[in-house]
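The values are calculated or read from the model by the stated rules, or taken from the named source; none is laboratory data. No experiment lies behind these values; they were computed from the predicted model shown. Cβ sites come from the backbone with ideal geometry, for glycine too, and all protein chains shown count toward neighbours.
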Amino acid sequence: MKPTNYHLFDFLDFDPNLSKPESLWKSCRPTCVKVVDGDIHIEIPFQKQRLDNDMAADSSAPRAVHTLILRQYGPKILRLFMGFGQWPLSDHSEMLILDERVDKLPLDVKFEEGVYTIFTLADGVTRGVIDVREPVVERWSDLQPDPQETLDLTLYPDGKRQVRLAAYDHFSPPRYDALPLAYCEMEDRKERATLSFECSQDECFGGTGERFAKMDLSGRSFFLKNQDGQGVNNTRTYKNIPFYISSRMYGAFFHTTSHSKIDLACHSSRSVQFLSYQPLVDVFVIGGDSVEEIIRGYRDLTGYPSMPPLWSYGVWMSRMTYFGADEVNGICDRLRHEHYPCDVIHLDTGWFRTDWLCEWKFNEERFPEPEKFIRDLNKRGFRVSLWQLPYVAEDAEQIDEARANDYIGPLTKKQASEGSNFSALDYAGTIDFTYPAATEWYKGLLRNLLNMGVSCIKTDFGENIHMDAVYKGMKPELLNNLYALLYQKAAYEVTKEVTGDGIVWARSAWAGCQRYPLHWGGDSCSSWDGLAGSLKGGLHFGLSGFAFWSHDVPGFHTLPNFMNSCVDDDVYLRWTQFGVFTSHIRYHGTNKREPWHYPAIAALVKRWWRLRYCLIPYIVRESEKAINSGHALVEAMIFRNPDDITCRHIDDQYYFGQDFLVAPVMNSESVRDIYLPKGEWIDFFSGEIFEGPLWLKNQKIAKENMPVFAHLNSEIPFYPFRVECTDEMDLTKSELVKMGYNFEGIWAKYSRLFADD
C-alpha cells in the first residue's frame, strides 16, 4: 500500500507494509463516566480501523476498552491520563516537583440529556464536558457514509478557557486528518499513542524548547528528540521541551520522556497533535489570564529556577581553548591591567593531558600546581569554570573502573562485537545516571575539582546517549531526552554542596531542567544569522519555562573556516551589546575572543562591559522576580502583549526584565525597524520619549548605541562605580535611576564612569 496524504500514514508514522503490520485503534463514544477517589474515570472503547484511506471500523475485531483519567490540580490545571494498562498515574517522576499551589481538587460528574458535565466539587466550576449524544444528520444520499463514533470531550482547565479534543477533523468521517485519541499496536503490543486538540484559524503558538524559528510556530511540526544542534539555524535542537503556549491563553505540558512529535496546526490547520512513541497519554492542560500565569502553572508542576550566584552575572571569558596556566594568567593579567571587568575564566577542552580526552584531571605539565593556580585566580576575583562531558573515552584513566562497576551503560553483545558508532568523538560509554552508584561516582569526580576551588562545571553535551547500551533504570528510548535532567541535576547538586552556589553551564535540556540554571544556546555561527538564530532560540526557551539563558559572544564558530576565519568587528560589537542585555554574558568560540584582538572597537567594548556591571543590581532584582513567578530575563514580545497581534510575530526584539525593551542591531548597515507597543517609552541612551503603539522605521543606530527603551518613569537599580569584578560590589550602594522626563540618557548621566581610560 502506498503512503497517502491522510492521517494514518502521515502523522502517525504508520507502516502497513511491515511483515507483521501495525494496527490503528481509534477512540469511540465513552460508555461510562464515574468518580474514583476524586478523579474522573472515563471508559472509552477503541475500535480497530481498516488499513486504507477510508479508515472505517474493522468490524471483525472486537472493541478494546481503556480508561481515561481526569484530575484537577489547583484552580487552573487539568490532567488527562491514559496508561493503557502499562503505566500507572503518578505524581512522582524526575520531571515533576509539584508546588503546594497545585494540590489535587476532587472532581464530580453529573449526567443530563446525553451530556456529562465534570466539575470541581468544592466550587461547582465546570472542568469538562463529554457529549455522548448521537449526532443529528440528514441522510440525503446513499453515498453519504454514516458518521463514525468519536470522543467529544471539551476541557475547561481554569473554568473559562475551552480546550476541545479534535473530534471532527476529517474530510469525510473515514478520512481523518486528526484523531482525538488513538494508539498504534503491533502483535498486541501498543507502540504509540496520540492526542489532538482543536485550534482556531488565527491561533499562534510558542515554546516547545529552543526553537531557531519565527515566533509563531503555527504550521510547524517538530520531532522532540534531543540532539546536537550543530548551530542555531536549523530544525535540530539541543533543548526540546514538551510544552507549548497558545495565544488562546492555555498551555499544554506532555509528561513524557519518549521521542515524540508535536504538530502545531501543520498536518491539519484545525488541530494540534501530539504523538508519543511510548504507549502513554499524559498531558497537563494549563489555563491562565496571561502568559506569565501559564508558565507559572508549568513551573508549579516541574519546578522553579533557583537563584544564580552574584558573580555569575559578570563577564565570562573563554575560547576553545586555553592550553596552560601561563596563557590563562597572561589573559587575566591583561584584563585587570587594562581594566576590563571580568568575573569568570573558563577552561574548555584543553585542560586535560590530551585535548578532548575528558578524565576530570588537570594536565600538571601545562597546569602545574592546579590547586594553587585556581586559588590564586580566586584571590584576584576570577572564578574558574571547567569544561567536561558525560561520556567516558576508551583511553580515559577511568574506563576500566567505569566498566567494572557498570558506571557506563554496557553495549549489547551485538553492538559490542560490531563497535559503537556514537559520534565522531567516539566515546566508549555514557555515564548511567539512572544508576545511583554511577551518579555518586560522577559527583566524586567533580567534587575533587570543586574542592580545589573550581566554581562551575560546564555540563556540555548530554543531548545524545549510546542508544545501543543497556541502562539500569530505563530503556535508552526513554532515557535519551531525560538524560539532560539527570546529568545536570547531579552536577548542580555537588556544586551546591561544595561551593554553596547552585549553578551549571549547560547546553541540553528537557522538562524540569529550568531548576538547574543556567543554559546557553549552543554552537552558533559568528555571523548576523547566528545572532538572529540565537535570539529566536532564547525567546522560545523563555516561553518554555526557563528563566535564565545565555549564548556565545560573538558566536561560536566562524565561516568559511570553522576554526580560523576572522570575526567581523561589527558582529563582535553588536553581539556584545546584545549580551549585556541578557541574563548572562560569556565570550567563547573557536578562535580569539579577548577584546584587545579587535583594536578598532576595544574601547567601545570596554564601555559596554562597564555598563553591564552597572546594570547588575537591576539584573539581580529581575532574577529574584523571575525565580518566584513565570517570568524570564529574556521574554518574547507576546509575553506582555498577548492581544497585540503585531507582537505575536516579532522575533528580533525582546523584554529584558520588567522595564527594558531591547532591539539588537543585526546587520552591518546598523539600520533596523523598531516596534514600541502601547505605552510611554524612553530611549535609554538618548532620553527621547515616544508613545506606542508605534513603528520607528529605518532607524540608523550609531555604533556606540543600541535600541534600548524603558517604561517612562520606571526606576532602574544602577551601580554607579567602576569595579574590576563583582567581589568589589556592595549592592546596598546602588542608585535608583528614574527614567523620567529629565533623564538625558545613560551615557550622559554617568559620563565619568564610561570615559576612556
*Inside the range 447-499, can you point out the residues that are part of a helix (DSSP H, G or I), of a type in the set (Phe, Trp, Tyr) and surrounded by 24 or more Cβ atoms within 10 Å (Cβ to Cβ)?*
Tyr483, Tyr487
*Which of the residues that make up the range 84-138 are modelled with pLDDT of 95 or more, loosely packed, with under 13 Cβ neighbours inside 10 Å and not in a loop (DSSP other than H, G, I, E, B)?*
Lys110, Phe111, Glu112
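Here's the yes/no breakdown for (1) modelled with pLDDT of 95 or more; (2) in contact with a Pro (Cβ under 8 Å, 6 or more places away or on another chain); (3) part of a helix (DSSP H, G or I):
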| position | (1), (2), (3) |
| --- | --- |
| Gly545 | yes, no, no |
| Asn564 | no, no, no |
| Leu604 | yes, no, yes |
| Arg610 | yes, yes, yes |
| Cys614 | yes, yes, yes |
| Tyr618 | yes, yes, yes |
| Arg621 | yes, yes, yes |
| Glu624 | yes, no, yes |
| Asp652 | yes, yes, no |
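Report, by residue number, each residue of the range 215-230 that is of a type in the set (S, T, N, Q) and either touching a Gly at 6+ places or on another chain (Cβ under 9 Å) or assigned to a strand (DSSP E or B) (or both). Explain how you work it out, then say what you get.
First, pick out the residues of the range 215-230 that are of a type in the set (S, T, N, Q): 218, 221, 226-227, 230.
Correct list: Ser221, Asn226, Gln230.
Which of the residues spanning the range 579-593 are in a loop (DSSP other than H, G, I, E, B) and either in the same structural domain as Glu327 (by TED's automatic domain parsing) or within 23 Å of Ile619 (Cβ to Cβ) (or both)?
First, pick out the residues of the range 579-593 that are in a loop (DSSP other than H, G, I, E, B): 581-584, 588-593.
Selection gives Phe581, Thr582, Ser583, His584, His588, Arg593.
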_Which numbered condition Leu661 fails, given (1) assigned to a strand (DSSP E or B); (2) of a type outside the set (Ser, Thr, Tyr); (3) surrounded by fewer than 23 Cβ atoms within 10 Å (Cβ to Cβ)_ = (3)
*asked:* When you scan the range 48-69, do you find a residue that is part of a loop (DSSP other than H, G, I, E, B), in contact with a helix residue (DSSP H, G or I) (Cβ under 7 Å, 6 or more places away or on another chain) and buried (at least 21 other Cβ atoms within 10 Å of the Cβ), even just one?
replied: yes
_Can you report the number of residues in the range 588-625 which are touching a residue at least 60 places away in the same chain (Cβ under 8 Å), farther than 20 Å from Asp757 by Cβ and not polar (S, T, N, Q)?_
12
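Answer with yes or no whether Val671 is out of contact with any strand residue (DSSP E or B) (no Cβ under 8 Å at 6 or more places or on another chain), over 21 Å from Val634 (Cβ atoms), at pLDDT 95 or above and of a type in the set (A, V, I, L, M, F, W, C). Outline the logic, then answer.
Values: out of contact with any strand residue (DSSP E or B) (no Cβ under 8 Å at 6 or more places or on another chain): no; over 21 Å from Val634 (Cβ atoms): yes; at pLDDT 95 or above: yes; of a type in the set (A, V, I, L, M, F, W, C): yes.
Considered against the rule, which asks whether it is out of contact with any strand residue (DSSP E or B) (no Cβ under 8 Å at 6 or more places or on another chain), over 21 Å from Val634 (Cβ atoms), at pLDDT 95 or above and of a type in the set (A, V, I, L, M, F, W, C), Val671 comes out as no.
Kindly indicate whether His337 is surrounded by fewer than 20 Cβ atoms within 10 Å (Cβ to Cβ), closer than 20 Å to Asp376 by Cα and not polar (S, T, N, Q).
Numbers: surrounded by fewer than 20 Cβ atoms within 10 Å (Cβ to Cβ): yes; closer than 20 Å to Asp376 by Cα: yes; not polar (S, T, N, Q): yes.
Yes; evaluated as a whole, the condition is true for this residue.
In the range 273-329, what count of residues is obtained for those that are of a type in the set (Lys, Arg) and either without any contact (Cβ under 8 Å) to a residue 60 or more places away in the chain or not in a helix (DSSP H, G or I) (or both)? Let's see the steps before the verdict.
Taking the range 273-329 as the starting set, the residues that turn out to be of a type in the set (Lys, Arg) are 296, 299, 319.
Imposing the further condition that a residue be either without any contact (Cβ under 8 Å) to a residue 60 or more places away in the chain or not in a helix (DSSP H, G or I) (or both) reduces the set to 319.
Residues that pass the stated criteria total 1.
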*Of the numbered conditions (1) under 32 Å from the mean Cα position of the chain (by Cα); (2) outside any loop (DSSP other than H, G, I, E, B), Lys160 satisfies every one except a single condition; which is it?*
(2)
*asked:* Which pairs turn up if I take residues in the range 30-50 that are farther than 17 Å from Ala193 by Cβ and look for partners that are aromatic (Phe, Trp, Tyr) with beta carbon separation below 7 Å, at least 6 apart in sequence or on another chain?
replied: Val33/Tyr116
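Just checking, how many residues over the range 294-330 are of a type in the set (A, V, I, L, M), surrounded by 21 or more Cβ atoms within 10 Å (Cβ to Cβ) and under 23 Å from Trp351 (Cα atoms)?
Going residue by residue through the range 294-330, those that are of a type in the set (A, V, I, L, M) are 294-295, 301, 307, 310, 315, 317, 320, 325, 328.
From the residues that got through so far, the ones that are surrounded by 21 or more Cβ atoms within 10 Å (Cβ to Cβ) too are 294-295, 301, 315, 317, 325, 328.
Subsequent filtering for residues that are under 23 Å from Trp351 (Cα atoms) retains 315, 317, 325, 328.
Qualifying residue count, the range 294-330: 4.
Is it the case that Lys239 is surrounded by fewer than 21 Cβ atoms within 10 Å (Cβ to Cβ), basic (Lys, Arg) and in contact (Cβ under 8 Å) with a residue 12 or more places away in the chain? Give the derivation first.
Details: surrounded by fewer than 21 Cβ atoms within 10 Å (Cβ to Cβ): no; basic (Lys, Arg): yes; in contact (Cβ under 8 Å) with a residue 12 or more places away in the chain: yes.
Judged against the criteria, Lys239 is not a match.
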_Take the residues in the range 9-23 that are outside any loop (DSSP other than H, G, I, E, B) and under 19 Å from Ser268 (Cα atoms); name whichever of them is modelled with the lowest pLDDT._
Phe9
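Among the residues of the range 281-293, how many are out of contact with any Lys or Arg (no Cβ under 9 Å at 6 or more places or on another chain) and surrounded by fewer than 24 Cβ atoms within 10 Å (Cβ to Cβ)?
Filtering the range 281-293 down to residues out of contact with any Lys or Arg (no Cβ under 9 Å at 6 or more places or on another chain) leaves 281.
Among the residues that remain, those that are also surrounded by fewer than 24 Cβ atoms within 10 Å (Cβ to Cβ) are: none.
Result for the range 281-293: 0.
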*Count, please, the residues in the range 427-440 that happen to be surrounded by 21 or more Cβ atoms within 10 Å (Cβ to Cβ) and either basic (Lys, Arg) or closer than 20 Å to Val498 by Cβ (or both).*
3
*Of the residues that make up the range 626-646, is at least one buried (at least 22 other Cβ atoms within 10 Å of the Cβ), among the hydroxyl-bearing types (Ser, Thr, Tyr) and out of contact with any helix residue (DSSP H, G or I) (no Cβ under 7 Å at 6 or more places or on another chain)?*
no
_For the range 518-543, which positions are more than 20 Å from Tyr487 (Cβ to Cβ) and in a loop (DSSP other than H, G, I, E, B)?_
Ser524, Ser526, Ser527, Leu543
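In the set Phe639, Phe556, Phe581, Phe548, which member is aromatic (Phe, Trp, Tyr), within 26 Å of Gly512 (Cα to Cα) and touching a Ser or Thr at 6+ places or on another chain (Cβ under 6 Å)?
Exactly one residue qualifies, and that residue is Phe548.
If I go through the range 231-255 residue by residue, how many of them are assigned to a loop (DSSP other than H, G, I, E, B) and more than 21 Å from His519 (Cα to Cα)?
Of all residues in the range 231-255, those assigned to a loop (DSSP other than H, G, I, E, B) come to 231-238, 247-249, 255.
Restricting the remaining residues to those that are more than 21 Å from His519 (Cα to Cα) gives 247-249, 255.
Of the residues in that region, 4 qualify.
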*Keeping to the range 620-664, report how many residues are among the aromatic types (Phe, Trp, Tyr) and over 17 Å from Ala532 (Cα atoms).*
2
*Hey, Lys443 hits all of (1) at pLDDT below 95; (2) surrounded by fewer than 22 Cβ atoms within 10 Å (Cβ to Cβ) but one; which does it fall short on?*
(1)
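Mind listing whichever residues of the range 176-190 are charged (D, E, K, R) and crowded, with 18+ Cβ neighbours inside 10 Å? Steps first, please.
Quick first cut of the range 176-190, residues charged (D, E, K, R) only: 177, 185, 187-190.
The answer is Asp177, Glu185, Lys190.
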